[in-house]
Amino acid sequence: MPRHIPILAGEETAAELLDMKLAEFRALVQAGHLPRGLEIAPGLVRWDAETLRQIGRGDAIEGGIEW
């Protein structure tokens, strides 16, 4: 059975999608190099997994993604 492909990712999963340690991911988000997560409910923050995949593929290099 194939593993599921997330639509939204929590902070740890978002870091895993970019093959980063959680501290590295947090630092890059804090510095504005990666997008902040979206608060989809009070206290529930998630990142768009497709956006993270685009960043990982380099699609954001030419300004293809705004955050």
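The values are calculated or read from the model by the stated rules, or taken from the named source; none is laboratory data. Since this is a predicted model, take the numbers as computed values, not measurements. As a convention, Cβ positions derive from the backbone with ideal geometry for all residues, glycine included, and neighbour counts pool all protein chains shown. With ligands, DNA and RNA removed, areas are computed over all heavy atoms of the protein, side chains included. Shrake-Rupley method; radii C 1.70, N 1.55, O 1.52, S 1.80 Å.
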(request) Could you provide, to the nearest whole Å², the per residue accessible area of the range 14-58 with probe 1.4 Å? (result) 65
(request) Compute the whole-percent fraction of alpha carbon pairs in the chain spaced more than 13 Å apart. (result) 64
(request) Evaluate the charge dipole of the chain about its Cα centre and quote only its size in Debye, nearest 20, assuming +1 on the Cβ of each Lys and Arg and -1 on the Cβ of each Asp and Glu. (result) 140
(request) Could you list which residues have their amide H under 5 Å from that of L8, counting only those 5 or more apart in sequence or on another chain, with H placed in the peptide plane? (result) A49
(message) With θ taken as phi - 60° and the coefficients 6.51, -1.76 and 1.60, list the Karplus ³J(HN,Hα) couplings across the range 32-43 in order, rounded to whole Hz; mark glycine and proline as x.
(response) x, 7, 10, x, 6, x, 9, 7, 8, 7, x, x
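Using the Cβ atoms and a cut-off under 10 Å, what net charge is assigned to the surroundings of R46, where Lys and Arg are +1 and Asp and Glu are -1?
On the way: positive: none; negative: E11, E39, D48.
Net of charged neighbours comes to -3.
Counting Lys and Arg as +1 and Asp and Glu as -1, what is the net charge of the other residues whose Cβ lies under 14 Å from the Cβ of L8? Before the final figure, lay out the partial values.
Values: positive: R36, R46, R53; negative: E11, E12, E16, E39, D48, E50.
Local net charge: -3.
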(message) Quick check: pseudo-label points 7 Å beyond the Cα along Cα→Cβ at A41 and R26, how many nm apart are they?
(response) 2.4
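Ignoring ligands, DNA and RNA, please state the percent of accessible area on the chain from carbon and sulfur, probe 1.4 Å. Let's see the in-between values first.
Working: 2710 of 5060 Å².
It is 53 percent, rounded to a whole number.
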(message) Could you work out [θ]222 nm for the chain from helices alone, using -39500 (n - 2.57) per DSSP H run of at least four and dividing by all its residues? Round to the nearest 500 deg cm²/dmol.
(response) -10000 deg cm²/dmol
(request) Return the sequence-ordered ³J(HN,Hα) values of the range 23-30 in whole Hz as given by the Karplus equation 6.51 cos²θ - 1.76 cosθ + 1.60 applied to θ = phi - 60°, using x for Gly and Pro. (result) 5, 5, 4, 4, 5, 5, 5, 4
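Among 29-35, 9-15, what's the highest-first ranking by average C-beta atoms within 10 angstrom per residue? Please report the intermediate quantities before stating the final value.
On the way: 29-35: 13.7, 9-15: 17.4.
Averaged packing, sorted descending, gives the order 9-15, 29-35.
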